[in-house]
Amino acid sequence: MQIYKVGGAVRDRLLGIPVTDIDWVVVGATAEEMLAKGFRPVGADFPVFLHPKSGEEYALARTERKSGRGYGGFTFHASPDVTLEEDLIRRDLTINAMAEDDQQNLTDPYRGQHDLEARLLRHVSPAFAEDPLRVLRVARFAARYAELGFTVAAETMELMRQLSGSGELQALTAERSWKEISRALMENQPQVFIEVLRECGALKVLMPEIDALFGVPQPEAHHPEIDTGVHTLSVLEQAALHQQSLAVRWACLLHDLGKGLTPEEDWPRHIAHEHKGLKLIKAVNERFKAPRECQELALLVGQYHTHGHRALELKPSTLLELLQSFDVYRRPQRFEEFIAACEMDARGRKGLEQRSYPQADYLRGAAKAARSVAVQPLLEKGFKGPELGEAIKRERLKALKAYKEAESV
Ligand code: CTP
């Protein structure tokens with residue numbers, strides 16, 4: 001049997017990027033031989049094994065044909081007579097379809113090195129269409145390598161357009177899609193992921209709520225970029241520049257969905273978009289089974305981001321409601337993430353990227369004031385049950401009034 005390094009490890013070494021994960025392909029072996037050497041099989045039908053010591057993935061060279069829809073619909077053909085070239089041709093991109101032996105000799109039948117130099121994300125062959133998830137993968141690689149100057153090849157974009165129009169994307173499982181979406185959001189230029197999906201028509205299929213924001217105007221006074229879709233991409237870009245968490249980035253992406261529902265005659269104003277957007281945010285959250293902290297934060301940011309912007313004008317009672325909604329006493333970190341998302345929203349506007357956001361410290365101060373209310377003295381006064389709750393609230397309100405007064409001098 002011959003063993004080669006493949007995929008991302010070869011690509012990233014040639015790009016001069018540190019390699020973390022190594023995938024291997026094994027040519028000329030059977031599953032039985034792998035088991036006899038102590039490799040552990042992954043799943044029942046997959047010709048993929050884990051190395052007994054390193055735990056790295058070793059896949060038998062395979063060709064694959066499709067039967068039926070979606071992931072479970074794959075059938076694999078792995079046998080010792082499948083050549084390295086036959087295995088590589090069914091991979092997604094030419095830059096991912098290179099192999100290297102233990103002497104670092106490169107096998108590059110589909111001109112991956114050429115495309116690395118040309119900064120092109122190009123599919124290897126029509127077999128690309130065997131897995132519609134690759135539409136998301138290409139968009140993710142575009143987001144990751146945008147800073148190196150990579151773009152999607154025209155013919156690959158065309159194929160992605162066909163796949164997006166074919167109904168195949170709907171068959172992807174939530175888990176597979178979320179894995180790509182969440183990884184893409186954590187790249188340096190996550191806005192490129194959304195742009196590429198939009199360009200090939202996949203955004204309309206996967207997240208029509210975001211697609212609908214393009215072409216929707218906002219008032220120029222607050223939004224010099226005017227377009228809501230453009231604004232959303234800028235907010236996401238800011239979130240990446242400021243190295244925000246996945247939950248913050250997800251909330252940034254979804255914060256303005258309600259603006260896509262405003263009747264045209266009301267443009268460019270979007271009255272109550274925060275509230276109207278909630279059902280859309282919920283739908284997107286559920287479609288991809290986003291993790292709980294992402295779902296929660298997206299809904300809270302959707303509902304309260306304009307409160308964040310108006311923080312300095314809020315009445316103490318409204319401030320208190322905001323803090324209660326976030327359960328800031330038990331979940332201080334979540335409130336910090338809310339503040340971060342609001343700040344990214346404020347900066348994700350044309351020409352305002354460097355603006356200061358005094359609301360952030362003001363909100364932190366308010367949270368601190370409300371949290372400083374001690375429960376013990378109230379217990380000692382004999383408050384219990386709902387009365388205790390009311391007494392705590394009264395004290396917190398007092399603290400917020402004092403805070404607001406002190407801040408306004
Ligand atoms: N691959 C593919 N189609 C997929 C998934 C994977 O063709 N849907 C192939 C590609 O050749 C890829 C390799 O399998 O390079 C390894 O896949 P994976 O580990 O998911 O990606 P990497 O390319 O290693 O990229 P990353 O750096 O994102 O892990």
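The values are calculated or read from the model by the stated rules, or taken from the named source; none is laboratory data. Predicted model only: the values in this text are computed from it and were never measured. Heads up, the Cβs are rebuilt from the backbone with ideal geometry, glycines too, and the neighbour counts pull from every protein chain shown. Remember, those area values only see protein heavy atoms, side chains included, never the ligands or the DNA or RNA. Shrake-Rupley method; radii C 1.70, N 1.55, O 1.52, S 1.80 Å.
Taking region 9-45 as the range and being in contact with a strand residue (DSSP E or B) (Cβ under 7 Å, 6 or more places away or on another chain) and closer than 27 Å to Gly112 by Cα as the test, the residues that pass are Ala9, Val10, Ile22, Asp23, Trp24, Val25, Val26, Val27, Gly28, Ala29. Within the option set Glu195, Glu155, being in contact with a Lys or Arg (Cβ under 9 Å, 6 or more places away or on another chain) and open to solvent by 20 Å² or more (accessible area, probe 1.4 Å) holds for one residue only, Glu155. Assessment of region 226-239 against the conditions (in a loop (DSSP other than H, G, I, E, B), modelled with pLDDT of 95 or more, closer than 30 Å to Glu158 by Cα and touching a Lys or Arg at 6+ places or on another chain (Cβ under 6 Å)) yields no matching residue. For region 10-31, taking the residues that are small (Gly, Ala, Ser) and in contact (Cβ under 8 Å) with a residue 40 or more places away in the chain, the one that is least open to solvent (accessible area, probe 1.4 Å) is identified as Ala29.
Only one entry in Arg347, Arg364, Arg331 is of a type in the set (Lys, Arg) and open to solvent by less than 40 Å² (accessible area, probe 1.4 Å), namely Arg347. Against the conditions (1) within 19 Å of Ala251 (Cα to Cα); (2) out of contact with any Phe, Trp or Tyr (no Cβ under 9 Å at 6 or more places or on another chain); (3) exposed (fewer than 14 other Cβ atoms within 10 Å of the Cβ), His307 satisfies every one except (3). If the condition is being near the ligand (Cβ under 10 Å from one of its atoms), outside any helix (DSSP H, G or I) and modelled with pLDDT under 95, then region 92-131 contributes only Asp131.
Scanning region 132-159 for residues that are more than 14 Å from the ligand (Cβ to nearest atom) and in a loop (DSSP other than H, G, I, E, B) returns Gly149, Ala153. Does Ile281 satisfy being outside any helix (DSSP H, G or I) and aliphatic (A, V, I, L, M)? So Ile281 does not fit the description; no.
When Ile181 is tested against (1) in contact (Cβ under 8 Å) with a residue 60 or more places away in the chain; (2) over 21 Å from Arg287 (Cα atoms), only condition (2) is not met. The residues of region 367-387 that are open to solvent by less than 50 Å² (accessible area, probe 1.4 Å) and closer than 29 Å to Ile339 by Cα, listed by number, are Ala367, Ala369, Ala370, Val373. When the helices (runs of 4 or more DSSP H) confined to region 289-405 are screened for residues that are closer than 20 Å to Ala272 by Cα and of a type in the set (D, E, K, R), those reaching at least 1 such residues are found at 292-309, 316-325, 332-347. In region 165-185, of all residues being away from the ligand (no atom under 16 Å from the Cβ) and either closer than 30 Å to Gln243 by Cβ or among the polar types (S, T, N, Q) (or both), the one that is surrounded by the fewest Cβ atoms within 10 Å (Cβ to Cβ) corresponds to Gln170. Restricting attention to region 1-42, the residues being more than 15 Å from the ligand (Cβ to nearest atom), farther than 18 Å from Glu85 by Cα and part of a loop (DSSP other than H, G, I, E, B) number 3.
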